[in-house]
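Since the structure comes first, as structure tokens, the remarks are kept for the end.
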Amino acid sequence: MIHTVTPHHRWQIIKSGFRYAILLIAFAFFAFPIFWIATTSLKLPEEYTTSPPIYIPQAPHLNHYTRGLGSQEGLRALRDSVIVSVGTTALTLSLGASAAYSMARFRTGGHHFSFWVLSQRMMPPIAIVLPVFLLYRQVQLIDTYVGLILLYTVFNLPLGIWMLRSYIIEVPVEVEESALVDGATRFQVLRHITVPLAAAGLSATMVFIFIFSWTEFLFALILTRTGVLTLPVLISRFFGTQSFEWGVAAALSVVATVPVVILGLLIRRHFVRGLTMGAVKQ
Amino acid sequence: MELKHDIDVENARQRQLGYMMSAAGLLLFIVGALLLSRVSNSRAPNAALKNISPLIPFAGIVLFGQGLLVIRLKGRHLTAWFLALPTFTFILVVVIVPTLYTLGISFIQWDALVPTRPFIFLDNYVTLIEEARVRNALANTGLIAVSAVAIELVLGVGLAQLFAERFWGRSFLLSIFIIPMMMAPIVVGQTFRMLWNTRFGAINHILSLITGHPVELSWFGDKKLALIAITITDVWQWTPFIFLITLAGLLAINTELFEAAAIDGASAWQTFWRVTLPVLRPVLLVAFLFRLIEAFKIFDIIFITTNGGPGTSTENYTLYLYQQGFQFARFGFSAAGAIIFLIAIVLISTLLIRIIGET
């Protein structure tokens, strides 16, 4: 083949240049706010209250982190966020996995039931939290871990069940059946065949549930007072009228963001399935 | 004859086990309920007890139900329902009970400052319809949701087109682009609150650099600007959602389709409208409806940036119900509002679910 710059070739180069130009703009758009929150957490207070703004901190320091996490509240919020998120993930997974297995293998409840479960995810949180608040007040569940965990679990169960179901369906049923014929019990089949084969999906589901509980704000705002304090609620409190605390708020925001981003990037391949609850596969 | 006898014995044993489980479950439920009522009535209950007591009656119900299953079912059916029962019960208790409760209190007048709670049937709903602030909140909800999702669709689908082919830096950019979705909306709102700030924010400064004039827009001080700022904030966080799902749909398209279009001499533009979009339709519809339903429920971003202001110009329906219910303690009234919200969302999600069922 003769290598000359054909019109087609030129078009390819223009197209490639065009692509990178747009990608650069998109990159700036998506990365800038992340850059901003990260740098604000390192700035001196006078650096984030100047006009025009300073983009690169001149004397980066970690004071905001030590103040944010060094305070009693910061550490407590971190601890409570971990307790609530881990608790929700554990409860949702144990309830969801058995239901998902049952629905995937035996079609328990049929088509309509599984879609009814899915529809629970769409519920407007404000409509659920109002009666839950009144009921919790009656049984003293306001401001408790278990109160928050129960509500988070119910909101995450549809996601958990649907995601897990879509992974379990992908484990060939013949493998399970041949083990059953060989005399294995259902429990052994689950433990030695289904769970290992669906392990990637299981961990992706766990991460998704964890992220949802970790970032939730409305329920935590309404159902907690002083006994339980999650990171989003603490961060929201830094925005009174004074802007002096921007640095501490930014530092706490970074602390609240880094763990979920790391977890999320680890399961990047499963993202589409998680976002659509198994409806669209990647 | 002997075999039949064995089966009978086996069945009897299973039934016995079932009865025992049901009895134990019932007992656990009663004990748990008593404990719960004691905790509820005590002034300063033990923290651990407070956390455990609601779980005991629930475990009791589940055990009771599983006992009944053991009595009545066998083999596959038993395994199937035995595994599913805890979850079914859980969803039923934690979703159905509050929903019925909401419906119940939506018929009474229940305000924190009024000692009586008279039954007023549909009056709360009538007030809801007559209230101008409700109409304003509904209009804002629709405006923010529709404009945000429309922009997200255009940007997301466009961006996905660029990612359909391999290029240098693709994986890195993909990772960056999905970070916004993982961030807490409250963190996003707070970050943008700094960015939109009139004097210290970067957005006004960048606009000044681009236009060459000093820009000092008061983003959260003006009705229109505040709506735009909130919409763009949502676009920033959720364009990646449409982008990622569209990309998955694009990559799943058989490349032969594009080759056939190229052979037929279709231009890139024609290929996009005539081949790509029709094939992507189901995936796009799912992404669109998922986003729309979520966008109707935005709370965190508005709460942290404008809290509905200036005036009520960015107040959406969720924020309105939050204020009525939890700041003014108009429980009956906001329950009526919640029921209307539930019905609306159920209607849209039924549509979504039908589409998912078809794909």
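Rank these for me by crowding, A:103, B:194, going from fewest to most other beta carbons within 10 Å.
B:194, A:103
Quick one: order A:92, B:314 by neighbouring beta-carbon count within 10 Å, fewest to most.
Neighbour counts put them in this order, fewest first: B:314, A:92.
At a threshold of 8 angstrom on Cα-Cα distance, excluding pairs fewer than six apart, so keeping six or more, what relative contact order does region A:26-88 reach in percent?
24
Using a 10 Å cut-off on Cβ atoms, rank the peptides B:184-190, A:227-233 from the highest mean neighbour count down.
In decreasing order of mean packing, B:184-190, A:227-233 become B:184-190, A:227-233.
Between residue B:126 and residue A:135, what is the label-to-label distance in nm when each label sits 7 Å out along the Cα-to-Cβ direction?
The two pseudo-label positions are separated by 3.0 nm.
Given a cut-off of under 8 Å on Cα pairs at least six residues apart, what relative contact order in percent is computed for chain A?
Over chain A, the number comes to 29 percent.
Among A:277, A:175, B:238, flag the residue with its Cα farthest along the positive direction of the charge dipole of the protein assembly as shown, charges on Cβ as +1 for Lys/Arg and -1 for Asp/Glu.
A:175
Across peptide A:139-150, how many C-beta atoms of other chains are within 10 Å of each residue C-beta, on average?
Partner Cβ neighbours, averaged per residue: 5.
In a shell of Cβ-Cβ distance under 13 Å around residue A:123, excluding residue A:123 itself, what net charge do Lys and Arg (+1) and Asp and Glu (-1) give?
Charge balance in the 13 Å sphere: +1.
Expressed as a rounded percentage, what relative contact order does chain B have, with Cα pairs under 8 Å and six or more residues apart?
21
Just checking the output field for A:22-34: average partner chain Cβ neighbours within 10 Å of each residue's Cβ?
Mean partner shielding for this stretch: 6.
Determine the shielding of peptide B:91-103 by partner chains: average, over its residues, the number of Cβ atoms on other chains within 10 angstrom of each Cβ.
5
Could you run the Karplus curve 6.51 cos²θ - 1.76 cosθ + 1.60 with θ = phi - 60° over region A:175-187 and give me ³J(HN,Hα) per residue in whole Hz, x for Gly and Pro?
4, 4, 5, 5, 5, 5, 5, 6, x, 6, 7, 4, 5
For region A:140-149, just list the computed ³J(HN,Hα) in residue order, Karplus coefficients 6.51, -1.76 and 1.60, θ = phi - 60°, integers in Hz, with x standing in for Gly and Pro.
3J(HN,Hα) across region A:140-149, in whole Hz: 6, 9, 4, 6, 10, 4, 5, x, 5, 4.
What's the longest bit of chain B with no exposed GluC sites (Glu not before Pro), using DSSP loop states and at most 15 other Cβ atoms within 10 Å as the test?
With GluC sites (Glu not before Pro) excluded where exposed in loops, chain B gives B:217-359 as its longest stretch.
How much length, in nm to one decimal, is gained on full extension between residue B:254 and residue B:307, taken as 0.36 nm per residue of separation minus their Cα-Cα distance?
In short, 14.3 nm is gained.
I need the calculated FRET efficiency for the pair residue A:265 and residue A:21, taking r as the beta carbon distance and R₀ as 41 Å, to the nearest 0.05.
0.95
If R0 is 45 Å, what FRET efficiency do you get for residue B:175 and residue B:76 from their C-beta distance, rounded to 0.05?
Computed FRET efficiency for residue B:175 and residue B:76 comes out at 0.55.
By the scheme Lys and Arg +1, Asp and Glu -1, what is the net charge of all other residues having a beta-carbon under 9 Å from that of residue B:241?
-1
Along Cα→Cβ, 7 Å out, is where each label goes; now give me the distance between the ones at residue A:28 and residue B:34 in nm to one decimal.
So the label points at residue A:28 and residue B:34 sit 7.2 nm apart.
Just rank A:15, B:4, B:50, fewest to most, by other beta-carbon atoms within 10 angstrom.
B:4, A:15, B:50
Can you figure out the FRET efficiency of residue B:355 with residue B:206, using R₀ = 45 Å and their beta-carbon distance, to the nearest 0.05?
After rounding to 0.05, the efficiency reads 0.65.
Please give the net charge around residue A:269, taking every other residue with its beta carbon less than 14 angstrom from that of residue A:269, where Lys and Arg add +1 and Asp and Glu add -1.
+2
Mean Kyte-Doolittle of at least 1.6 and a Cα length of 20 Å or more along the axis: which whole DSSP H helices of chain B meet both?
Taking the DSSP H segments of chain B (at least 20 Å long, mean hydropathy at least 1.6), we get B:55-72, B:277-295, B:331-358.
Quick note: the coordinates plus some simple rules give every number you see, no bench work behind them. None of these values were measured; they are calculated from a predicted model. Here the Cβ is made from the backbone with ideal geometry for all residues, glycine too, and neighbour counts use every protein chain on show.
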